[in-house]
1. Take the solvent-accessible surface of the protein heavy atoms, probe 1.4 Å, and return the percent of it on region 162-289 that carbon and sulfur atoms account for.
2. Report Rg(Cα)/(2.2 N^0.38 Å) for the chain, keeping two decimals.
3. What percentages, rounded to whole numbers, describe P(r) for region 162-237 computed over all alpha carbon pairs with 10 Å bin width beginning at zero?
4. With label points built 7 Å along Cα→Cβ from the Cα atoms of Ser226 and Ala54, find their separation and express it in nm.
5. Based on Cβ point charges of +1 for Lys and Arg and -1 for Asp and Glu, what charge dipole magnitude is obtained for region 6-288 about its Cα centre, in debye rounded to the nearest 20?
6. Name the residue from Asn187, Ala248, Gln277 whose Cα lies farthest towards the positive end of the charge dipole of the chain, charges +1 on Cβ of Lys and Arg and -1 on Cβ of Asp and Glu.
7. With every protein chain kept in place and ligands, DNA and RNA left out, what is the accessible area per residue of region 85-134? Probe 1.4 Å, answer in Å².
8. When we measure straight from the Cα of Lys30, which aspartates and glutamates land under 20 angstrom away, once same-chain ones fewer than 8 places off are left out?
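The values are calculated or read from the model by the stated rules, or taken from the named source; none is laboratory data. Bear in mind that the values here come from a model prediction, so they are computed numbers and not experimental data. Cβ atoms come from the backbone with ideal geometry, glycine included; neighbour counts cover every protein chain shown. We work out accessible area using only protein heavy atoms, side chains counted, and drop any ligands, DNA or RNA first. Shrake-Rupley method; radii C 1.70, N 1.55, O 1.52, S 1.80 Å.
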Amino acid sequence: MTINKLGVHALVFAGGTSPEQMTHIITETKRAGYDVLELSLHDSPSLDVAHARAELDKAGLGIVCSRGLAFSADVSSEDPEVVARGAKLLHDSLEITHGLGGSHFTGALYSALGKYGHALSATGRANVVSVLKDLAVEAQAKQMTLGLEICNRYETNVINTAADALRLADDIGHDNVVIHLDTYHMNIEEDDFVRPVHLVGDRLGYVHIGENHRGYLGSGHLDFTSFFHALADINYSGPITFESFSSAVVSPTLSNDLAIWRNLWNDGPALAIHARQFMANRLEIAHAI
Ligand code: MN
């Protein structure tokens with residue numbers, strides 16, 4: 001037993017969310033011993049919400065939904081029509097998350113996932129704040145939490161560091177908006193794996209564990225020992241989710257957004273079992289003394 005619920009990203013098992021794929025994903029998530037499944041909503045038109053919820057309930061698994069926006073539906077745009085499409089995508093995604101029985105909706109809720117050719121403008125940032133204020137109120141009515149996942153400079157120009165994310169959350173100004181740290185992104189943007197965790201403190205609400213190349217945990221160079229110590233320092237008790245991508249399991253949209261061009265593993269179920277053990281071991285060590 002760990003004090004944190006442990007989760008795994010669905011793209012470890014399948015690239016889409018058809019009923020057959022959801023059954024496979026949920027079966028393998030349970031088999032690997034996880035508490036929570038994280039589902040990206042990039043493929044939501046093919047998702048049968050009632051079916052997926054029934055399968056999740058049967059397996060006794062929790063659900064967290066995540067997503068990034070698109071350049072054509074982007075709340076950080078200066079174009080009101082593009083912003084409105086982004087706001088609609090967020091609203092619909094929150095509804096799906098609620099329909100699945102989830103209380104956490106997280107990710108790059110504030111921009112497209114991709115390389116911007118310019119810095120964020122003041123108008124664009126004001127649009128992010130305005131839309132996410134409304135979404136936070138909508139989420140609060142459903143007793144739901146929104147996560148701001150901090151992503152690296154090649155995937156967003158809105159928030160790249162913990163300090164950026166705290167400023168954005170302050171401007172949104174609702175307690176149900178929490179900070180989401182991801183070790184893959186932290187490795188690119190932060191000073192180390194300790195300072196950002198201490199800076200965020202009790203406003204940390206969700207965590208992604210990923211290697212520097214997004215492959216097998218422990219096969220890269222990230223200092224997970226320091227990161228798990230820092231989580232223990234702040235008594236972080238929220239979910240911790242393993243995120244990994246390989247060209248062996250492809251989503252036609254999300255894999256391209258994340259630049260998944262390489263094969264880093266073939267066997268998703270074996271990878272998931274290894275990652276759960278890796279995270280549980282680090283947690284045990286961090287909390288032992
Ligand atoms: Mn992530």
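1. Details: 2580 of 5450 Å².
Carbon and sulfur atoms account for 47 percent of the accessible area of region 162-289.
2. 0.93
3. P(r) for region 162-237, in whole percents per bin: 19, 51, 26, 4.
4. 5.0 nm
5. Numbers: 19 positive and 35 negative charges, 59 e Å.
Result for region 6-288 is approximately 280 debye, rounded to the nearest 20.
6. Positive-most Cα among the choices belongs to Gln277.
7. On the way: 1990 Å² over 50 residues.
Counting only protein heavy atoms, the per-residue value for region 85-134 is 40 Å².
8. Glu20, Glu38, Asp48, Glu55, Asp57, Glu243, Asp267
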